[in-house]
Amino acid sequence: MALDHALLVSLLEKPSSGYELARRFDSSIGYFWHATHQQIYRVLARMEASGWISGEVQAGETAPDRKVFSVTGPGREELSRWLGQPAEPDGVRDTLMVKLRGAAFDDPARLLPEFERHRAAHADRLSRYRAIESRDFAGAQSASPAMPSSGAQGASPGVDGRRSASPATQSDSTVTLERQQALQHLVLKSGIRYEQAWLEWCEESMSLLRSFNQSQSTRTTP
């Protein structure tokens, strides 16, 4: 995926100035697709030159004028083309995993401070994800819901877990908003469950590292 497509998604969610987009990106898509503000500004200029987005200067009464970007028809066509392409699973490069294997040839307990630092970082991110869920998806299904029955028929569940009205009885904008919220929550659930699983694995790893340390202490005690 190119940063271009991430920015197309973000601008379809809400037309924004470059500054607003960069700040909003940090607290949304940026959690799983990192980009610096300089990269965002550079790609916005390229996308505008390609005709995927257009910028409208809006005069500010109490603030400087700002250029608000929105997605054009060609931009939507490019997003549709990209959505239809297969996405290969991303490869993983994790230094901690290599260190863990290397610890077999050294003192495994030396990794405990490293694991404690990583545990704190993942716990902090989980707390932030939970706060976002409480703020933006209050009343929706939690990140660890009971699995729904696959035999249910009728209208699709709404964002809050209740059955929404048939799209035929709703405006297109309402249906799009509900779909957008449901899919955004689904992405957030993925992050929550990842952090939960990582913290569980971390506790298991630290317990094993401590057991190695205790076993070594027992063998060296006269």
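Descriptive notes on the structure:
- Of the criteria (1) surrounded by fewer than 13 Cβ atoms within 10 Å (Cβ to Cβ); (2) closer than 30 Å to Thr174 by Cβ, which one Gly60 fails: (2)
- Checking Arg117 against (1) farther than 19 Å from Arg210 by Cβ; (2) within 24 Å of the chain's Cα centre (by Cα); (3) among the basic types (Lys, Arg), the condition it does not meet: (1)
- Here is the figure for region 28-49: residues that are in a helix (DSSP H, G or I) and without any contact (Cβ under 8 Å) to a residue 40 or more places away in the chain total 12.
- Lone qualifier among Ser127, Ser144 - being modelled with pLDDT of 60 or more and surrounded by fewer than 16 Cβ atoms within 10 Å (Cβ to Cβ): Ser127
- Of the residues making up region 50-72, those that are of a type outside the set (A, V, I, L, M, F, W, C) and in a loop (DSSP other than H, G, I, E, B) are Gly51, Gly60, Glu61, Thr62, Pro64, Asp65, Thr72.
- Residue that is nearest to Ser54 (Cα to Cα), among those in region 73-105 that are in a helix (DSSP H, G or I) and of a type in the set (Lys, Arg): Arg76
- Within the option set Ser70, Ser50, Ser80, Ser54, being small (Gly, Ala, Ser) and under 30 Å from Ala131 (Cβ atoms) holds for one residue only, Ser70.
- The set of residues in region 178-194 being at pLDDT 90 or above and either exposed (fewer than 15 other Cβ atoms within 10 Å of the Cβ) or under 12 Å from Tyr31 (Cα atoms) (or both) consists of Leu183, Leu186, Val187, Leu188, Ser190, Gly191, Ile192, Arg193.
- Matching option when the condition is charged (D, E, K, R), outside the structural domain of Phe212 (by TED's automatic domain parsing), out of contact with any strand residue (DSSP E or B) (no Cβ under 6 Å at 6 or more places or on another chain) and at pLDDT 90 or above, among Glu61, Glu20, Glu56, Glu88: Glu20
- Within region 89-112, residues that are on the phi < 0 side of the Ramachandran plot sit with their Cβ atoms under 8 Å from residues that are charged (D, E, K, R), at 6+ positions apart or across chains, in these pairs: Leu96/Glu114; Lys99/Glu114; Ala103/Arg110; Ala109/Arg210; Leu111/Lys99; Leu112/Arg210.
- Filter result for Ser80 (in contact with a strand residue (DSSP E or B) (Cβ under 9 Å, 6 or more places away or on another chain) and either within 19 Å of Lys14 (Cα to Cα) or modelled with pLDDT under 95 (or both)): no
The values are calculated or read from the model by the stated rules, or taken from the named source; none is laboratory data. The structure displayed is predicted, hence computed values, not measured ones. Every residue, glycine among them, receives a Cβ derived from its backbone with ideal geometry; neighbour counts consider all protein chains shown.
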